[in-house]
1. Name every residue in region 193-210 that is surrounded by 15 or more Cβ atoms within 10 Å (Cβ to Cβ) and within 12 Å of the ligand (Cβ to nearest atom), in order of residue number.
2. So, in region 51-101, of the ones that are assigned to a loop (DSSP other than H, G, I, E, B) and in contact with a helix residue (DSSP H, G or I) (Cβ under 6 Å, 6 or more places away or on another chain), which residue ends up surrounded by the most Cβ atoms within 10 Å (Cβ to Cβ)?
3. Here is a list of conditions, (1) under 24 Å from residue 117 (Cα atoms); (2) touching a helix residue (DSSP H, G or I) at 6+ places or on another chain (Cβ under 6 Å), and residue 233 meets all of them except one; can you say which number that is?
4. Are any residues in region 211-230 away from the ligand (no atom under 14 Å from the Cβ) and either free of Cβ contacts under 8 Å to residues at least 24 places away in the same chain or under 16 Å from residue 195 (Cα atoms) (or both), and if so, which ones?
5. At pLDDT 95 or above, away from the ligand (no atom under 16 Å from the Cβ) and closer than 16 Å to residue 272 by Cβ: is that true of residue 243 in this structure?
6. Determine which member of the set 35, 25 is within 15 Å of the chain's Cα centre (by Cα), assigned to a helix (DSSP H, G or I), surrounded by 16 or more Cβ atoms within 10 Å (Cβ to Cβ) and touching a residue at least 12 places away in the same chain (Cβ under 8 Å).
7. Condition first: under 19 Å from residue 236 (Cβ atoms), in contact with a strand residue (DSSP E or B) (Cβ under 7 Å, 6 or more places away or on another chain) and surrounded by fewer than 18 Cβ atoms within 10 Å (Cβ to Cβ). Can you find one or more residues in region 125-132 that meet it?
8. Filter region 242-263 down to the residues that are in contact (Cβ under 8 Å) with a residue 40 or more places away in the chain and out of contact with any strand residue (DSSP E or B) (no Cβ under 7 Å at 6 or more places or on another chain) and list them by number.
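The values are calculated or read from the model by the stated rules, or taken from the named source; none is laboratory data. Quantities reported herein were computed from a predicted structural model and do not represent experimental measurements. Here Cβ is always computed from backbone atoms with ideal geometry, including for glycine, and neighbour counts include all displayed protein chains.
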Ligand SMILES: [Zn+2]
């Protein structure tokens, strides 16, 4: 089974570019399941869990979604509830509707492969005009607690644009805060039983040159974002893949698709994660994207 996570940069793309991006996901990257952010799934998809952040506002008429392209798989959306209530059964809090899509991926035998979470760390705007993703991101991890803090070892996969990084050069007035908030978020992920799949697979890819983080080199960072989609922008990782241990045990590979075809369609690049649980593994077709 192949899962692709990708921020599709919906509001800054043309209609034709959006259509090419969805074709690239399905036919170029051969995703069985897509976890997308800043996205608006096209109508008519049979297996799609999606809610826009704000359908009435053109700036936020998009959100996170989970889409299945493989006809042998189906989705079962997890019920979402307000944070003022206590979750029962499969319910999961939803502090920021539209920023997370959560669904079980079910095969033809009715077996739940895993519960997938498509996550977007939406900016939170402060009174003085600054904006940070950390307040939203930390609330989202709180939402996921009922999913992850279970006696039985949960099978959970969390991926998306966290809008958080420890790569910030520590010279701005808020840099230390942003770095510390990001470290806290990653620590929370670990406490909740999630493992960093990029770090787990770091030996499979070259180290990121000139990474601005303060961690010992070589670090595990990758580039998933280009500021302004400029080639020369500081290499930045805003997108992450996390998995609970039972899901990690079935991991086959994790590939960051940092190539021309992807950058032509978004200011983020996709991450392709393969699992050993299906015969539908297929090679990535590189620049197979038509019309780019
Ligand atoms: Zn680094």
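1. Selection gives 198, 199, 202, 208.
2. Out of the qualifying residues, it is 62.
3. Unmet for residue 233, out of (1) under 24 Å from residue 117 (Cα atoms); (2) touching a helix residue (DSSP H, G or I) at 6+ places or on another chain (Cβ under 6 Å): (1).
4. If the condition is that a residue be away from the ligand (no atom under 14 Å from the Cβ) and either free of Cβ contacts under 8 Å to residues at least 24 places away in the same chain or under 16 Å from residue 195 (Cα atoms) (or both), then 230 is the only one that fits.
5. Judged against the criteria, residue 243 is a match.
6. 25 is the lone residue from the list that is within 15 Å of the chain's Cα centre (by Cα), assigned to a helix (DSSP H, G or I), surrounded by 16 or more Cβ atoms within 10 Å (Cβ to Cβ) and touching a residue at least 12 places away in the same chain (Cβ under 8 Å).
7. Within region 125-132, one or more residues are under 19 Å from residue 236 (Cβ atoms), in contact with a strand residue (DSSP E or B) (Cβ under 7 Å, 6 or more places away or on another chain) and surrounded by fewer than 18 Cβ atoms within 10 Å (Cβ to Cβ).
8. Hits for region 242-263 are 246, 261, 262.
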